[in-house]
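What follows is one structure encoded as structure tokens, with my remarks underneath.
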Amino acid sequence: MLTQPTRVELNPASALVAGISVHGLTVTYNNGFTAVRDATFDLEPGTICALVGVNGSGKSTIFKAIMGFVRPSAGEVRLCGRPVEEALKRNIVAYVPQSEDVDWNFPVLVEDVVMMGRYGHMNFLRMPSRADRYKIDEALERVGMSAYRSRQIGELSGGQKKRVFLARSLAQEGRIILLDEPFTGVDVKTEAAIIGLLRELRAAGHLMLVSTHNLGSVPDFCDEVVLINRTVLAAGPTAEVFTQVNLERAFGGVLRNFSMGGTALHDDADSRRLTVLTDDERPLVLYGDQPGVRDASNARPPAK
Amino acid sequence: MIAELLVPFSYEYMLKAMWVSALVGAVCAFLSAYLMLKGWSLMGDALAHSIVPGVAGAYILGIPFAFGAFFAGILASVSMGFVKQHTRLREDAVIGLVFTSLFALGLLMASIWPMSVSVQTIVLGNILAISNEDVVQVAIIAGVSLAVLALKWKDLMVTFFDESHARSMGLNTVFLKGLFFTLLSACTVAALQTVGACLVIAMVVTPGATAYLLTDRFGRLIVISIAIGAITSFVGAYISYFIDGATGGVIVTLQTLLFLVAFYLAPKHGVLAARRRRMELAGAEA
Ligand SMILES: Nc1ncnc2c1ncn2[C@@H]1O[C@H](COP(=O)(O)OP(=O)(O)OP(=O)(O)O)[C@@H](O)[C@H]1O
Ligand SMILES: [Mg+2]
């Protein structure tokens, strides 16, 4: 339902390199607490990157810095080679919020919310054109929410709300999409649908940064991983970074860890151990040293 | 009989009062659409009371009341922000603290320096006795505010609904919020003249709250709210001719009546509609 592969047209305003580059980023909040210190990583277009860390490790803080919500006390963030403020004015970034940041009693319909994604493309009176209306129809269709378009936004389930905000980011046509914990409280089917959509967007050259506690699905769909705990512990391709050693470093004692091997697991000569790592959502299963990728469709499209 | 009902329209001061009230009612209602959604309803009340010393000061110094009121409004907002940042007091406590202190200061000033205009005028408003200068002031404030809101209502809606999204499309949300509170201060000043400090709160809450029961779309909510604000204010000023004074009381009473009607009869969110749906459900199960 969610995953007819449609091509996303490139938005001419941002037909440049849609990358995120974070250099030496330090964020200190007003109360003197330094939530992130000296974080550095670079991401290229056509990538899905997971931002993984314990509660309070600074994931949302990094999102806030990318959105210009908090001013770095040192270092900088550049989006498509531009300073944050300038990139935002060009509609380069779309943001799918953690659900508690939105007022659900607000009198807006689902289609109004998606239309807000188009505001940045309209003139200062924000009058939608026919093309804008067409784009919200299309975005709603892609996330399978067309039937709910006339509902008030609070009258949806948690997973449906997430899809609506995803539709808004589609309508916004940002080259960079930030998703703060899109899978919390979402069932397996919706999760698969969201992942399918992210893959389509990757194929169209978008860059997505996804914070998640869903360790198990990371190797399924993420090309890169940034592991953080108040600074960047490791960043790079999933296969290199998303290892048991790194994860244990990132999560310390928080991670639940089960490991089986030898006669407890095998009755043949297979010497690999089965390790299950979880920080409470979907667990990560390691067979030997390799993440158990369940789904071969994650193969990244060849670089252009 | 008919001739008698048309009498108010033959007095210039009544016409003036009705039109000015309608304009102020409209712009306050526009603001109410945002205020009541953000849970900031009491902010309007706080501002109105805080403005009293500014108005008193302006009368003493002989400058247009709008300047004094506006200055006091800004002072109130800034001190609320300051106290909030430096203590762990909750917002309602801070608001209560700041506005009562300023209101008391206003009463004190009025009792120390005798004024031609009694404090009662500020507290209760008196649109029927409004001077021509004040009409001009109020009309400019309300007109400019309406124009700004008409141009920026969607930007303000996004900012209040989902601030991070507003930022992501490059809107300066800090500026927009500042703009909103500036307009609120200005319109509170205007409303002071029509309904007085005590009832301004009703003007910036009730129309929006009523409209909220009638629609799920923000654009329509604003239109309904403005219609309620403008019509009740016009009619309220008209009726007050017959019962001699107390315009503010009449306007707010009319607004409250409309709210009660919506509360019971609103097609989707009304009490009776909910009851009917429950009955139908029970009927279907039986
Ligand atoms: N406004 C703030 N003022 C002061 N400290 C803050 C503020 N916001 C967050 N922090 C602190 O900064 C640290 C990082 O918070 P952040 O919200 O980035 O964590 P997170 O990784 O997103 O956590 P979660 O997984 O729970 O969403 C936390 O220790 C938090 O207490
Ligand atoms: Mg977070």
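The values are calculated or read from the model by the stated rules, or taken from the named source; none is laboratory data. The structure displayed is predicted, hence computed values, not measured ones. So basically every Cβ, Gly included, is an ideal-geometry build from the backbone, and we count neighbours across all protein chains shown. These accessible areas exclude ligands, DNA and RNA; they are computed on the full protein's heavy atoms, side chains included. Shrake-Rupley method; radii C 1.70, N 1.55, O 1.52, S 1.80 Å.
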Please give the number of the condition A:V54 fails out of (1) within 18 Å of A:V232 (Cβ to Cβ); (2) modelled with pLDDT under 90; (3) touching a strand residue (DSSP E or B) at 6+ places or on another chain (Cβ under 7 Å). (3)
Could you tell me whether any residue of segment B:98-109 is modelled with pLDDT under 80, within 29 Å of B:E133 (Cα to Cα) and over 19 Å from the mean Cα position of the chain (by Cα)? no
Which one of B:V223, B:V250, B:V235 is free of Cβ contacts under 8 Å to residues at least 40 places away in the same chain and within 14 Å of another protein chain (Cβ to nearest Cβ)? B:V223
Could you go through segment A:175-191 and let me know if any residue there is more than 23 Å from A:K64 (Cα to Cα), touching an Asp or Glu at 6+ places or on another chain (Cβ under 6 Å) and not acidic (D, E). no
Answer residue from segment A:60-77, given it is surrounded by fewer than 21 Cβ atoms within 10 Å (Cβ to Cβ) and among the polar types (S, T, N, Q) and is farthest from ligand 2 (Cβ to nearest atom) among those: A:S73
What helices (runs of 4 or more DSSP H) completely inside segment B:132-251 contain at least 2 residues that are surrounded by fewer than 22 Cβ atoms within 10 Å (Cβ to Cβ)? B:132-161, B:163-168, B:173-195, B:206-214, B:218-243
Can you pull out the residues in segment B:44-65 that are small (G, A, S), surrounded by fewer than 24 Cβ atoms within 10 Å (Cβ to Cβ) and assigned to a helix (DSSP H, G or I)? B:G57, B:A58
Pairs with Cβ under 8 Å, 6+ apart, first in segment B:153-165 and more than 8 Å from chain A (Cβ to nearest Cβ) and in contact (Cβ under 8 Å) with a residue 12 or more places away in the chain, second of a type in the set (F, W, Y) and buried (at least 20 other Cβ atoms within 10 Å of the Cβ): B:W153/B:F30; B:L156/B:Y34; B:L156/B:F180
Could you pull out the residue among B:L15, B:L31 that is part of a helix (DSSP H, G or I) and surrounded by fewer than 20 Cβ atoms within 10 Å (Cβ to Cβ)? B:L15
From the residues in segment A:172-192 that are outside any loop (DSSP other than H, G, I, E, B) and within 11 Å of chain B (Cβ to nearest Cβ), which one is nearest to A:H206 (Cα to Cα)? A:I176
Test: residue in segment A:194-209 that is within 16 Å of ligand 2 (Cβ to nearest atom) and either open to solvent by 10 Å² or more (accessible area, probe 1.4 Å) or more than 18 Å from A:G144 (Cβ to Cβ) (or both): yes
For segment A:35-59, which positions are open to solvent by less than 40 Å² (accessible area, probe 1.4 Å), within 7 Å of ligand 1 (Cβ to nearest atom) and either in contact with a Lys or Arg (Cβ under 6 Å, 6 or more places away or on another chain) or small (G, A, S) (or both)? A:A35, A:G53, A:S57, A:G58
Please report, ordered by residue number, the strands (runs of 3 or more DSSP E) entirely within segment A:39-148 with at least 2 residues that are within 14 Å of chain B (Cβ to nearest Cβ). A:74-79, A:93-96
